[in-house]
Amino acid sequence: MRVGFLQMRCKFGDVKKNVKKAVTLLGRVSNATIVLPELFNTGYLFKNKKELASLAETVPDGYTTNEIRKVAKKKNLNIVFGIAQKVKGKIYNSAVFVDSKGKIDLYRKVHLFDREKLLFDHGTSLKVKSTDEAKLGFMICFDWLFPEVSRTLTLKGAQILCHPSNLVLPYGQNAMVTRCIENRVFAITANRIGIERRGPVRLEFTGKSQIVSPNGEILVSAGDKSESLKVVEIDIKEADDKNLNPNNNVIEDRFSSYYSIITDK
Ligand code: ACM
């Protein structure tokens with residue numbers, strides 16, 4: 001199957017411009033599953049809840065989802081993108097999945113990073129979506145720090161971790177290589193580039209979007225300065241072989257009763 005990422009620069013608050021840019025770039029590819037960055041349509045550094053609420057959208061009937069759905073249908077794409085999602089008085093940092101027929105599913109970010117905790121409500125479950133070609137597990141940016149996320153998605157059957165991101169710490173991409181090795185899954189991390197300044201706060205997004213194989217090989221990556229749309233062919237069956245060598249299987253070799261403290265709180 002063909003998988004890819006769109007790494008882009010986003011202009012804070014200019015939803016029309018960001019969506020138009022993404023749709024134009026996505027128009028250059030077809031027949032693939034593509035991941036976009038976290039909050040790609042709004043930008044990241046909301047000053048307060050009021051500003052966030054003014055830019056958040058409903059799903060599936062909001063402007064951004066409708067525009068992405070059109071290009072997904074036209075170009076036979078499955079697309080995962082990040083959005084601030086308004087739901088009855090709550091706002092989630094969500095990853096929306098749109099398939100090539102226009103059907104929608106979504107995941108709400110569980111592990112909120114830094115000031116996100118003051119702004120967003122957190123999600124309450126992890127999600128794996130079966131498509132015709134693969135089982136997709138969703139995680140958003142800072143979810144990478146919690147190995148429980150990728151392990152849980154793997155145990156739920158995920159073959160590819162779809163990872164919309166606004167990475168700012170320097171080691172998230174490297175950590176995703178480890179997540180792939182320890183679970184023997186693929187991962188698509190789609191990051192932003194550029195700097196966002198809002199009042200006294202300044203953030204630089206680290207780019208280096210990547211697609212990683214179950215062996216931890218970086219199949220394709222982007223730099224940290226330019227926008228980039230990359231697609232590669234993968235053999236999804238590689239993610240079903242959990243054997244590291246003839247004597248080790250990364251799932252069967254676990255002694256989960258020794259680790260129960262993880263879920264005991
Ligand atoms: C992040 O979770 N956006 C760093």
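The values are calculated or read from the model by the stated rules, or taken from the named source; none is laboratory data. None of these values were measured; they are calculated from a predicted model. Here Cβ is always computed from backbone atoms with ideal geometry, including for glycine, and neighbour counts include all displayed protein chains. The protein model used for the area step is the full one, side chains on, heavy atoms only, and it has no ligands, DNA or RNA in it. Shrake-Rupley method; radii C 1.70, N 1.55, O 1.52, S 1.80 Å.
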Cα-derived Rg to Rh of the stretch 189-265, Kirkwood definition: 1.17
Distance histogram in 5 Å bins (all Cα pairs of the stretch 146-242, percent per bin): 3, 14, 24, 22, 16, 11, 6, 3, 1, 0
Gain in span if fully extended, Ile251 to Leu145, counting 0.36 nm per residue against the direct Cα distance: 36.2 nm
Computed over the stretch 143-195, the ratio Rg/Rh where both radii use C-alpha atoms and Rh is Kirkwood: 0.97
Alpha-carbon centroids, the stretch 141-219 and the stretch 19-79: separation in whole Å: 19 Å
Spin-label model distance (nm) - Lys156 vs Glu233, 7 Å beyond Cα toward Cβ: 3.1 nm
Mean accessible surface per residue for the chain, computed with a 1.4 Å probe while every protein chain stays in place, in Å²: 46 Å²
For the stretch 41-141, alpha-carbon Rg and Dmax in angstrom: 13.6, 41
Amide H contacts under 5 Å for Val220, placed H, 5+ residues apart: Ile211
Normalised contact order of the chain, rounded percent, pairs of Cα under 8 Å and 6 or more residues apart: 19 percent
Most to least packed among 91-100, 37-46 [average Cβ atoms within 10 Å]: 37-46, 91-100
Computed over the stretch 83-205, Cα set: Rg, Dmax in Å: 14.7, 47
Label-reachable residues, the stretch 219-233, where backbone N falls under 20 Å from a point 7 Å from Thr131's Cα toward its Cβ: 219-222, 228-233
For the chain, calculated [θ]222 nm from helices alone, where every DSSP H run of n ≥ 4 adds -39500 (n - 2.57): -6500 deg cm²/dmol
About the Cα centre, charge dipole magnitude for the stretch 8-161 (Lys/Arg +1, Asp/Glu -1 at Cβ), debye: 440 debye
Chymotrypsin sites (Phe, Trp or Tyr not before Pro) within the stretch 177-265, DSSP loop, no more than 10 other Cβ atoms inside 10 Å: Phe255
Magnitude of the charge dipole, the chain, Cβ model with Lys/Arg +1 and Asp/Glu -1, debye to 20: 1260 debye
Convex hull of the chain built on C-alpha atoms - directionally averaged projected area, nm²: 13.8 nm²
Potential extension, Arg28-Val87 segment - 0.36 nm per residue separation minus Cα distance: 18.0 nm
Listed residue (Ile261, Ile234, Asn248) projecting farthest to the positive dipole end of the stretch 216-265, Cβ model: Ile261
Rg followed by Dmax, in Å, when the stretch 51-98 is reduced to its Cα trace: 11.2, 35
Crossing angle, helix 172-183 versus the chain [Cα axis fit, 0-90 degrees, rounded to tens]: 30 degrees
Cut-off under 5 Å, modelled amide H: who pairs with Gly43 long-range: Gly13
